[in-house]
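The values are calculated or read from the model by the stated rules, or taken from the named source; none is laboratory data. None of the values given here were measured: they were computed from a predicted structure. All Cβ positions, glycine included, derive from the backbone under ideal geometry; neighbour counts span all protein chains shown.
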């Protein structure tokens, strides 16, 4: 069929998801108190959990032990990531698609979807609008279509990096797009991308076949499952995995994500840089009820369990969720959120806050401005960060793990979060947000031991306030 990808898998590609085995793990007996506590203790020692150990946490329904799981997730998040929350924004480049995914507003048979691909001029306008709000990190999102090939994506990345106005610049561009062959990944890597993100959507084979037509690009389960292995084979430093929760049993999907992380680590020495866990949302022109609904309480368990299972993997909580719920869930292990998001094609140059559903892949739950989100984070004691230093200094992939595992990453992350937050406050923020930030910045500086690092950080903060110097990172 025209538009289907060339079937080129990575050397030694294997389908590492055994549905029967994962289902059997979930059907086991409720674990005893000591077993659950020992599993949490392993996580708190910053050791990743196996699939079998993760299943122990998922089989637990004792309220007291669940409190221990949530407490462990909070502690681990604070230990590894501190109080930082990394901020980014999604930018949809085009919604042409040859797939017919049952749940997606971009499905090719959706006659209500308004199709458009940003021209270079339109893309620059979107980027300038994002920069004017203070954004520094983007993820470019593409429908799955032959026109969105590796060369096309690489050119969009170059346009984004080349679009600047005053202090406004995008310093990190990630990609969410269709799987590529190895040469395709090399092309987009050469354009300077950060993380290449592919969602398997569901790891359950039967459900995957039910919601993805076999005669589309996305209908090939093994090809998609192997997509990030090919990215790593091609030299991409960071990859991101994800599931669309609501398609199948959430507990099975958590095990699938952990199995994927284990597979990548065993084969390449480094697991995924990020895990995303969006829940199914309504989409214009789509009537899909979902097969495995996920309550807010279950969603809380998804996040806490993943935090314990993969201590050094970033967890992304998206604006699909409403503001109140995002605030509640933040402490259970989330390290990245999007803010000030618009997911309509061309949405960042639109006036007003209302969503335009026929140009969206799904409906958002949190449409607050970037400044409003930052102000709330500050009030809740979080340190908003736009840091991109690790990617420019080669602290990625295995090298990131070398820094992160001993805890050395805090020596870089907190100072870089403070300098990028200061940039935002000086160049973009409202007076209210600036006032709210001043106290937190003082507290963070007071936590640092006196010495050369603190002196250098305080000097860089003064530079940002008093000069035009920016992008001063450690």
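Considering 400, 386, which residue is at pLDDT below 60 and within 18 Å of the chain's Cα centre (by Cα)? Being at pLDDT below 60 and within 18 Å of the chain's Cα centre (by Cα) holds for just one of 400, 386, which is 400. Of all residues in segment 201-217, those that are under 20 Å from residue 96 (Cβ atoms) and under 21 Å from the mean Cα position of the chain (by Cα) total 1. Within segment 419-472, being surrounded by fewer than 14 Cβ atoms within 10 Å (Cβ to Cβ), within 30 Å of the chain's Cα centre (by Cα) and part of a helix (DSSP H, G or I) holds for 431, 432, 435, 438, 439, 442, 443, 447.
Among the residues of segment 65-72, some residue qualifies, meaning at least one is outside the structural domain of residue 138 (by TED's automatic domain parsing), surrounded by 21 or more Cβ atoms within 10 Å (Cβ to Cβ) and within 30 Å of residue 421 (Cα to Cα). Scanning segment 201-212 for residues being in contact with a strand residue (DSSP E or B) (Cβ under 9 Å, 6 or more places away or on another chain) and either outside the structural domain of residue 145 (by TED's automatic domain parsing) or free of Cβ contacts under 8 Å to residues at least 60 places away in the same chain (or both) gives a total of 2. Of all positions in segment 8-29, none carries a residue that is over 22 Å from the mean Cα position of the chain (by Cα), outside the structural domain of residue 146 (by TED's automatic domain parsing), over 30 Å from residue 227 (Cα atoms) and buried (at least 19 other Cβ atoms within 10 Å of the Cβ).
Checking the structure you have, find out if any residue of segment 15-22 is under 18 Å from residue 301 (Cα atoms) and in a helix (DSSP H, G or I). Yes, some residue in segment 15-22 is under 18 Å from residue 301 (Cα atoms) and in a helix (DSSP H, G or I). Output the residue which, of all residues in segment 326-371 that are out of contact with any strand residue (DSSP E or B) (no Cβ under 9 Å at 6 or more places or on another chain) and assigned to a helix (DSSP H, G or I), is modelled with the highest pLDDT. The qualifying residue modelled with the highest pLDDT is 371.
Restricting attention to segment 289-313, which residues are farther than 15 Å from residue 243 by Cβ, touching a residue at least 24 places away in the same chain (Cβ under 8 Å) and either out of contact with any helix residue (DSSP H, G or I) (no Cβ under 8 Å at 6 or more places or on another chain) or in a helix (DSSP H, G or I) (or both)?
296, 300, 304, 307, 308 - these are the residues of segment 289-313 that are farther than 15 Å from residue 243 by Cβ, touching a residue at least 24 places away in the same chain (Cβ under 8 Å) and either out of contact with any helix residue (DSSP H, G or I) (no Cβ under 8 Å at 6 or more places or on another chain) or in a helix (DSSP H, G or I) (or both).
Of all the residues in segment 44-81, those that are touching a residue at least 60 places away in the same chain (Cβ under 8 Å) and part of a loop (DSSP other than H, G, I, E, B) number 5.
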